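Here is the structure we will look at, set down as structure tokens.
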Amino acid sequence: MAREVLSGDYAQSYAAKLARVDVVAAYPITPQTSIVEKLADLVVTGALRAQYIKVESEHSALQACVSASALGARAYTATSSQGLLLMHELLHWASGMRTPVVMGVANRAVAAPWSIDVDHADSMSQRDTGWIQFYAESNQEVLDTVLAAFRLSEDEAVRLPSMVAMDAFYLTHTVEPVDVPEQADVDRFLPPRSKVGTLDPHRPTRLGSFTSPEHYTEFRHAVASASKAAAQLAPTVEEEYARIVGRDLGGPLPRYLTDDADAILVTMGTATTTARSTVDALRAEGRKVGLAKLRRFRPFPSEEVRALGRTGARIGVLDRSFTYGAAGAAATEVMAALYAASPRPLVRSFVAGLGGRDITPALVRSLYRHLLEEEGPEVVWADLKVPPGEATAEALHG
Amino acid sequence: MAKLTIPAEELLRSGHSACPGCGAALAMRYVLKALGPETIVTVPASCWTVIGTPYPTTALDVPMLDNPIEATGASVSGLRAALDALGQKGLTVVGFAGDGGTVDIGLQSLSGMLERGTDAIYVMYDNEAYMNTGIQRSGSTPSLAWTTTTPVGGASRGKLEPKKDIMAIVAAHHPVYAATGNIAFPEDLIKKVAKAKALSGPRFFHVLAPCPPGWRYDAERTIEVGRLATDTHLFPLYEVENDRYRITRRIERPKPVADYLRLQGRFDHLRVEEVASLQEAVEARYRRLLALESASA
Amino acid sequence: MTAGLASPLPPPIDTPLATVPSDTLTTASWRTFRPVIDRGLCTRCNLCWKFCPDIALELDAEGYPVLREAFCKGCGICAVECPPKAIVMEKEV
């Protein structure tokens, strides 16, 4: 185990290298670019023996990975924002063809208007594509999760693609000490891919195919079952990782000081770090608040959310994206998971941190205060500069 | 008993779902005869998605992968990379796409595949419109042809714009090999595909694939229509090898283009002066081809 | 044919991988006309076999074309292309 100082982008690149990926296909986009630059270096210097396909778009990047994976290759790509949106069609192909591609996602806001800064609208827009989705809080978690994602994705019972998302700039371009596992340990954890269900280059079969109503539903249901299998297998994969590499990944919804809490905030990605320090500060002031980190959004950890609901605390879900006409995407899932709970806890959807706006300790404090003291609306845009309806040019730009 | 002039081996299976008299089915049959069993085919949304027969059946005696309509160039790159990474040698990777999936929506990934030098063969079977969706014009539909989106009536004379010159677009990428082919001349097509198989790098085929329902002629005339396309100089057979042009079927006394047009209902509405304008355009294009051939000799 | 495949694999139930050869299907019902071959006129030039889009003609040991009835769609290319006109299309009854 070597400790290195790595950006989130480089943590992705080194994880792909440790996974001994066979094929990389990627197209540059800020702030993912240094992932693919580093991979190009690793391939050119021979540190990574992989085929690196320089594609002309993200759409082609994922198509190339899906086709390579269909033949049994371990394939990796990375993208962000508009690139992920362009890939959308192929995301469905990847899960439908049961090709366990792993993709790094630098979470970045989507246009219009242009923004290169963090929010989760890009990957949240892909929630119904059959991909497993992880959100990392630190660069260490990025590296560990990419490795675990390969193992989970490639399990014979799963064979679904995974994306490992990380916040633009806060992780992609911020360096942290990262423990890089030994190659031998990774090799033990992540053996070569099983070729089940793939297109054998020597057998005349057709992968993809054209179905009638007689068969289509069953293939969709197979993806649903595989997603369920991923949720069931994930703890085993994490135990294996902990046993071999020595780090606990924490499950899909690691909790912090929730057992006696009156108010719990559910966060994703780097907002978690801010929220955790704020919890410490509030606890020091005698406020009983807690935190749960939504590390895996798909398959959604409904059981773990129900267990969280049994604390009796009020729950606020902080989303860095919005499902227009509804609420934050994670909030709607938490609400749905708790629908049958009795008593049903209060759940509030907080939307903040869009387009790179800072989620500050003061903001997090205001969210806990809102949860504990107000009966207010179900959906709260928590960091709007001016309340809706009162926006004036002066208030916005002044 | 005459000797066979094309390989006996069939890698297209019977039972496929092509329309009677389908040129695209013949294109696949001949291309696979030339390539043999060590071949992987990737097919975008196109007539061939359906011709390949529904799950759980498949019409090819080689592996086939489906890909979305615009991504054939990327799919061949992914397949080649996987074979190289996994040490699988001796396989030919083929993208087999329609004209709309190539000259329109798939042009970007084709360009990418050619530019990055993917070691694969891209075959565009050209039935000159979106035939799988029911005869809508594509960038490869010829001038003045009727389609359902270029109807004839009132002031409309069918498609106004000329056919996109995909061979020129491909040639501008300087691939190791590019050629036209025609299902009416299987020996020429198979010879070229076999030649291309022995090369490495990006290779491209533009194969004319007449379509009875789309071109509005009786299914029995597919070969006749195809033959006239070449023998009128409208669809000359040639190859471009390392930027050198060579015509592979030379017709000293071409037939009038009108002979080709009159067989097809999609040109029924043409006036004498419109036929004459098409004749002129065909001659001008052929002269340019001759000039390219002599300039690169 | 492709090496190593003695019989088709059963399709995996959770992957859209088609494994059954299409010649287990028949397209005979598509046909309105059927080609009738006059061996007396046939010169065994094999053009009919060469141009058949449906691989519905096979050549026997002597080189005569034989119709594979299950697959002929009745397009009539063979009849049009036959130099001695040894094939005529007759309406199915």
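The values are calculated or read from the model by the stated rules, or taken from the named source; none is laboratory data. All of these numbers come straight from a predicted model, not from anything done at the bench. In this analysis, Cβ positions are derived from the backbone assuming ideal geometry, glycine residues included, and neighbour counts consider all displayed protein chains.
List every residue pair whose Cβ atoms sit under 8 Å apart, with the two residues 6 or more apart in sequence or on different chains, where the first one lies in segment A:368-397 and is at pLDDT 85 or above and the second, anywhere, is in a loop (DSSP other than H, G, I, E, B) and of a type in the set (A, V, I, L, M, F, W, C).
A:His370/A:Ala382; A:Leu371/A:Leu346; A:Glu378/A:Ala327; A:Val379/A:Ala327; A:Trp381/A:Ala352; A:Ala382/A:Ala352; A:Asp383/A:Ala352; A:Asp383/A:Ile359
In this structure, is B:Val43 more than 8 Å from chain A (Cβ to nearest Cβ) and without any contact (Cβ under 8 Å) to a residue 60 or more places away in the chain?
yes
Residues that are more than 21 Å from the chain's Cα centre (by Cα) and surrounded by fewer than 24 Cβ atoms within 10 Å (Cβ to Cβ): which strands (runs of 3 or more DSSP E) entirely in segment A:21-133 hold 1 or more of them?
A:51-54
I'm told A:Asp248 meets every condition in (1) in a loop (DSSP other than H, G, I, E, B); (2) in contact (Cβ under 8 Å) with a residue 60 or more places away in the chain; (3) within 29 Å of A:Thr145 (Cα to Cα) except one. Can you identify the failing condition by its number?
Only one criterion is unmet by A:Asp248, namely (2).
Has segment A:219-227 got any residue that is hydroxyl-bearing (Ser, Thr, Tyr), surrounded by 15 or more Cβ atoms within 10 Å (Cβ to Cβ) and within 24 Å of A:Asp167 (Cβ to Cβ)?
no
Out of B:Gly73, B:Gly95, which single residue is within 16 Å of the chain's Cα centre (by Cα), at pLDDT 95 or above, closer than 22 Å to B:Lys197 by Cβ and within 8 Å of chain A (Cβ to nearest Cβ)?
Criteria check complete, one pass: B:Gly73.
Which of the residues that make up segment A:68-89 are within 7 Å of chain B (Cβ to nearest Cβ) and closer than 22 Å to A:Tyr216 by Cβ?
Scanning segment A:68-89 gives A:Ala70, A:Glu89.
Return only the number of the condition from (1) more than 14 Å from chain B (Cβ to nearest Cβ); (2) modelled with pLDDT of 95 or more that A:Thr205 does not satisfy.
If we test A:Thr205 against (1) more than 14 Å from chain B (Cβ to nearest Cβ); (2) modelled with pLDDT of 95 or more, just (1) comes out false.
Just checking, does segment C:44-57 include any residue being more than 10 Å from chain B (Cβ to nearest Cβ) and either surrounded by 13 or more Cβ atoms within 10 Å (Cβ to Cβ) or more than 12 Å from the chain's Cα centre (by Cα) (or both)?
Looking for residues that are more than 10 Å from chain B (Cβ to nearest Cβ) and either surrounded by 13 or more Cβ atoms within 10 Å (Cβ to Cβ) or more than 12 Å from the chain's Cα centre (by Cα) (or both), one finds at least one in segment C:44-57, hence yes.
Suppose the filter is more than 10 Å from chain A (Cβ to nearest Cβ), assigned to a helix (DSSP H, G or I) and of a type outside the set (Gly, Ala, Ser); does B:Lys3 pass it?
Against the criterion (more than 10 Å from chain A (Cβ to nearest Cβ), assigned to a helix (DSSP H, G or I) and of a type outside the set (Gly, Ala, Ser)), B:Lys3 does not qualify.
Would you confirm, using the coordinates I've provided, whether A:Val178 is more than 14 Å from chain B (Cβ to nearest Cβ) and in a strand (DSSP E or B)?
yes
Which one of these is at positive phi and touching a residue at least 24 places away in the same chain (Cβ under 8 Å): B:Gly214, B:Gly201, B:Gly226?
It is B:Gly201.
May I ask you to list the residues in segment A:164-177 that are crowded, with 24+ Cβ neighbours inside 10 Å and in contact with a helix residue (DSSP H, G or I) (Cβ under 6 Å, 6 or more places away or on another chain)?
Once the filter is applied, which keeps residues that are crowded, with 24+ Cβ neighbours inside 10 Å and in contact with a helix residue (DSSP H, G or I) (Cβ under 6 Å, 6 or more places away or on another chain), segment A:164-177 yields A:Val164, A:Ala165, A:Met166, A:Leu171, A:Thr172.
Look through A:Val55, A:Val43 and report the one residue that is out of contact with any helix residue (DSSP H, G or I) (no Cβ under 6 Å at 6 or more places or on another chain) and touching a residue at least 12 places away in the same chain (Cβ under 8 Å).
Result: A:Val43 is the single residue among A:Val55, A:Val43 that is out of contact with any helix residue (DSSP H, G or I) (no Cβ under 6 Å at 6 or more places or on another chain) and touching a residue at least 12 places away in the same chain (Cβ under 8 Å).
Could you tell me whether any residue of segment B:145-153 is small (Gly, Ala, Ser) and in contact with a Phe, Trp or Tyr (Cβ under 6 Å, 6 or more places away or on another chain)?
Looking for residues that are small (Gly, Ala, Ser) and in contact with a Phe, Trp or Tyr (Cβ under 6 Å, 6 or more places away or on another chain), one finds none in segment B:145-153, hence no.
Out of everything in segment B:174-214 that is among the aromatic types (Phe, Trp, Tyr) and away from chain C (no Cβ under 14 Å), what residue ends up being nearest to B:Ala24 (Cα to Cα)?
B:Phe205
I'd like the residue in segment C:72-89 that is assigned to a helix (DSSP H, G or I) and surrounded by 22 or more Cβ atoms within 10 Å (Cβ to Cβ) and, out of all such residues, is farthest from the other protein chains (Cβ to nearest Cβ).
The qualifying residue farthest from the other protein chains (Cβ to nearest Cβ) is C:Cys78.
Any idea how many residues of segment B:245-266 are farther than 26 Å from B:Pro212 by Cα and crowded, with 18+ Cβ neighbours inside 10 Å?
Looking only at that region, the number is 1.
I need a count of the residues in segment B:81-92 that are touching a residue at least 12 places away in the same chain (Cβ under 8 Å) and more than 8 Å from chain A (Cβ to nearest Cβ).
Selection size over segment B:81-92: 2.
Please go through (1) in contact with a strand residue (DSSP E or B) (Cβ under 6 Å, 6 or more places away or on another chain); (2) in a loop (DSSP other than H, G, I, E, B) for C:Asp54 and return the number of the only condition it doesn't satisfy.
Condition not satisfied by C:Asp54: (1).
Among the residues of segment C:73-86, which ones are within 14 Å of the chain's Cα centre (by Cα) and touching a residue at least 40 places away in the same chain (Cβ under 8 Å)?
Result: C:Lys73, C:Gly74, C:Gly76, C:Cys78, C:Ala79.
Which one is nearest to A:Arg369 (Cα to Cα) among residues in segment A:317-332 that are over 15 Å from the mean Cα position of the chain (by Cα) and among the polar types (S, T, N, Q)?
Filtering first and then ranking leaves A:Thr332.
Could you list, in sequence order, all residues of segment A:230-261 that are exposed (fewer than 15 other Cβ atoms within 10 Å of the Cβ) and of a type in the set (Lys, Arg)?
Result: A:Arg243, single match.
Would you say A:Tyr10 is in contact with a helix residue (DSSP H, G or I) (Cβ under 6 Å, 6 or more places away or on another chain), more than 8 Å from every other protein chain (Cβ to nearest Cβ), in a helix (DSSP H, G or I) and not polar (S, T, N, Q)?
When the stated conditions are applied, A:Tyr10 passes them.
Going by the conditions given, is A:Ala47 in contact with a strand residue (DSSP E or B) (Cβ under 8 Å, 6 or more places away or on another chain) and farther than 16 Å from A:Trp131 by Cβ?
For A:Ala47, the condition - in contact with a strand residue (DSSP E or B) (Cβ under 8 Å, 6 or more places away or on another chain) and farther than 16 Å from A:Trp131 by Cβ - is not met.
Looking at (1) under 30 Å from A:Ser209 (Cα atoms); (2) aliphatic (A, V, I, L, M); (3) crowded, with 16+ Cβ neighbours inside 10 Å, find the lone condition where C:Ile13 falls short.
It is condition (3) that C:Ile13 fails.
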